[in-house]
Structures are given as C-alpha cells and as structure tokens.
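The values are calculated or read from the model by the stated rules, or taken from the named source; none is laboratory data. None of these values were measured; they are calculated from a predicted model. For neighbour counting, all protein chains shown are included, and Cβ atoms are generated from backbone atoms with ideal geometry for every residue, glycine included.
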Amino acid sequence: MSFNPILCPPILQLDSDLLWSIFTLNADIFWEHNALTNTRLASQVCRSWRNLLLTTPSIWGKLMDLDALSEAGDDWAHEVLRRSGDALLWIKIDLSLAVPLKEFFLDILEKHWRRIQHLIVDVSSNDILATPDRWSAFYLPAPHLETFKVHIFPVKKVLPGPQAELSIAWSKPLFANDAPMLRVFHATQYKLDLPDLMNRLSSLRIGCPFTVQEALFALQKAPNLVYLSVDTLEGGMSDITQRLPRVHLPKLSYFGLNAIFKVCTTLLEHLEVPSNCHLKFFPCDFLDPADMWGDPEFLDSSFEVLSTSSERYFRSHPSSELHVTFHNSLGHFELKEDSHLAGLPNFQITIHSIRFPAALQNLILGRLALPSFSKVTELEMSLRNGFPKEGLMSFLSSFSSCRCITFSDEGTLHDFFQNSEQPEDSCQVMLRHVDTIKFRMSFLLFRDSSLIGKNGTLHQFLKYRRKHGCAIKMLDLRESDATLTPSLHYLEELHGLRVLWSDPRNKEVLEYECGSGFPEKLPLSFGTPSREKVQVFADRSWKYQVFF
C-alpha cells in the first residue's frame, strides 16, 4: 500500500532533521525532569521514530540521568549506555539517592571519562575519602568536559582512622590542566587556580580551600565570568588585613555571596562588577550585635559597602516592586527584588543576627534608605516584634513614590499603624502617597476582629489616613480568603473606598465602592458551619454573596 500524505497525521510528516532537533531538545536532563521517560515513550510511537532514535547515539548519551535510572534497575542503565555508543555523555547523579547505581557510575568515570561533556554529582565526603582511587579520573585530561559540578556534602558519621582534608587529598591539578572546553566549574572543595582553565570559565562556584586573598588572585585570571558564587573560605578573616587586589569582572551578571559576613562585604568591596549585576548577599553566619560596641567602624563600613553596591544596582536597574522583611525576635532582615520575567536581574540582601538591638536596626535601615528607592511604586512588608520608629521613618521616607503596600502577616499592619501615628499637630504621614493596601495572608487567624473587625487595627488605620488627607482608595483582598474575615460592613462609612475580593466558589473578582448604600454586599465571615446559610444576590453589573 502506497504512502498517502492526506491520511497521515501531520506530526508523522515532519522532516527527519526537524524530528532529530525536537528529540535532542527534549533529551536535556538538566532542564527536563522527565527527559528519559519522554524519549523512551517517543521511541514507541511508531517504527520511523523508533528507528531514528535507536540510530542516534548522541541523544542517548544525553540521557544518563542516573537518579531516574536507579528506579528502573541496572539493566535499563546499561541499555542506555549501550545505545549511546561512543557519543558524548551528560551525567547527573545524587549518590545519596541513586545508591544502586553507585558502582555503575564509578565504572563510567574509570572507563568513559574522556567522553563526559556535562557532569553533575552530589556525593558525601565519606564516599570520596573511603574510595579515593575511584575518583582519580578527575586528574586526567578531559578533552570534552564543559560542565563540572561536584557538590560534596558532609556527613555526621566520620570514618574511623585519620582522615586528611579533602582539599589536601585533592591537591593534584584537576584534569591535568587539560580541559580546553571547560566553561562551568562548581566544586567548592577543589582549588582550581590554573590560568589556562580560569580564563575560559563563564560560571564558577568556589569555597574552601581558598582564602580571601587567594580567591581574589584566582578571580583576576577569570575575566569572562558571567556567574560567580562564593561559599565559606578558608581562614575566615585571617588574611583580610593583608593587601588585597581589586578585581574587574566586566561580564558578570550574577554574584552570590554565602561566606561569613565580613568576608562577604570584603569581596563585595574588592570586586568591580557591572552595575546591573544580580546580587545575592546571604552571609552564612550570624551578625554579632556586640560589634556595635566592640567594632562599630567595621559594621558602619560594611553597611556602607552594601549601601554603595545596592545604590549602583538600583540606579542602573530601577525597580518598581520590593519586598522587605524584618523580624526582630528571629534575627532576620531581608531586602529583595523578585524578577517576574526570565533573564531580568534580581537582587537580595539577607542578614541574620542573634538579635537586632535598636542601634543595629537604625544602622541597617539608615544605610539602606537608598535614593533609588524613589522609583519603587509597590512595597511588600513583613515587620514583626517592634522596631525603632526613627529607623523605620528614615527607611520608608526613601519610598517617596510608593502607591501600594502589601501586608503579608498580621503583626505588620499593627506595627506599621502604631509607627504611622504622629502627634496631632504634625503634618507628617508615613508614605502619604500610598492609596492601595493589599493583604497576602489567611484571615482565619483574625476571627477575633482585633485586626480586621470594626475599630480594629485596619479600621483605625484607614480612618487615620483619611483624617490627614491621604485616604486609602483601594483595599485589595483578592490574595486572601476574604470570606473568613469578620464583617466588613463598617467600611461603608469610608465613602469612595473600593474593596476587591474573590468569590471562593469560582475565583471571580468582586468589587464594592463604600458609601454606595449596600454594605451587605461586602464580604462576611462564614460563621459556624452548621448554621451557615448562603444567599446569592445579583444585579446587572456584578454578582456578590452574603453569609448569614
């Protein structure tokens, strides 16, 4: 029977080159979690697809997802390796999970090291120290290796007998200084300081055994970095008093800092990066409040570095939305810009402390009250357990164009309102241009009405703003369960206030303008479930419901 293109489904009419491209894209185990399963299923669609896949070793070479293969047994793992022929290999394995394939993986390292193109491994330090010879391939030339990510995690149970540090055991030159294709190196226990390799890297993650000085000298040899992440460095601050070089990384777009606080600020000060470089400042230690008195110059200069770097970023990349978290009792401060579009820069500063005394809070809030925050129009806040009014006023005064505040917990609104109140003879109102309030939390906690009910915190806050000529025009409850609030009928007195919420049945957005004469349209609480009655009203313009 002859082939009839009219009767053949369009997908089976695709050109073999196009099919090969599609199969290759779908075989990326680092981006597609089900890459192996999808390829196997595609090979069973029809004879032509199966023939194409089985005669394309390069696709199977990219499917060495040993985490997934460990669930299917040794036979399937060996079959995928057989189908890969002599093609380059992409390998991913977490040896704490894929235990059945540990020997299979180590055999690949020994027998097929020169074929490996991308390698991502999670392994315990004990696994490596117990069998160092099985990992000796790392010291051999790697002609095709482009990605080398080896995450070594510590374990509580230490092997018996004297154990050398991994950094000492692995003191030989990696890849025999012969990895011409290497572009990504993430292995914090290895000291990679080979000029020929560093110069070609675009992505680097380092940690021990580098010292601060050694890390900076090594980074001088890596001018093409686009991604840089620094973990805890050897010796902490022991070499920071030495003369440190300034390093220029003109292509860097991501800079992550996860060392101790003083190391983080030192590196931030000595690295010159593009002004729009994404910064994630996340020290691994707790800031000691005692430094406020023991070494105040250190803290002041450290936050000056943070302030300067932050201002450079936001001046180059104005942000319209920021998130601020300050939990005093938890010792947690965070300033974050989320990116809603892939590829756009992002920014985050996170600081932990045993506690935040008033002087330290004022220092943080004062130094991070940036001129560029005048471009921010939306601010999400989570502020708990009190904070100095002086520092808060200084910080929030920098958000002069803010029109919308989002409250993400119950304590923030209360604390914010308490700090917003000014003496009767004062004309100052915090964030006076704000006209929209959003809630992003469950109101199930507020059935006592102290926050949302009549004469509660919200009610007092709205009246205070109206009294001082900067009334809130919109109350947005769409991201909270407004049906669990106490009755909001009292809002009727605030003429012109628009209230938005979502119908819990169909997520339809409902709206009411206070002062319209129908306060029963505002959302009510469910009350006791056994006595719940629901009456649905409708008019020409919108639907609403009232719960009795």
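Take Phe314 and decide whether it is part of a helix (DSSP H, G or I), buried (at least 18 other Cβ atoms within 10 Å of the Cβ) and aromatic (Phe, Trp, Tyr).
In short, yes.
Need the failing condition index for Leu444 against (1) surrounded by 20 or more Cβ atoms within 10 Å (Cβ to Cβ); (2) at pLDDT below 70; (3) not in a loop (DSSP other than H, G, I, E, B), just the number.
The failed condition is (1).
Considering only region 146-174, how many residues are on the phi > 0 side of the Ramachandran plot and either among the acidic types (Asp, Glu) or modelled with pLDDT of 90 or more (or both)?
Here the count works out to 0.
In this structure, does Leu219 turn out to be among the hydrophobic types (A, V, I, L, M, F, W, C), at pLDDT 75 or above and in contact with a strand residue (DSSP E or B) (Cβ under 6 Å, 6 or more places away or on another chain)?
yes
Enumerate the pairs (first residue in region 206-217 and touching a residue at least 24 places away in the same chain (Cβ under 8 Å); second residue anywhere and assigned to a loop (DSSP other than H, G, I, E, B) and of a type in the set (Ser, Thr, Tyr)) with beta-carbon separation below 8 Å, excluding pairs fewer than 6 apart on the same chain, so at least 6 apart or on different chains.
These pairs meet every condition: Ile206/Thr188; Gly207/Thr188; Gly207/Thr232; Cys208/Thr188; Cys208/Thr232; Thr211/Ser238.
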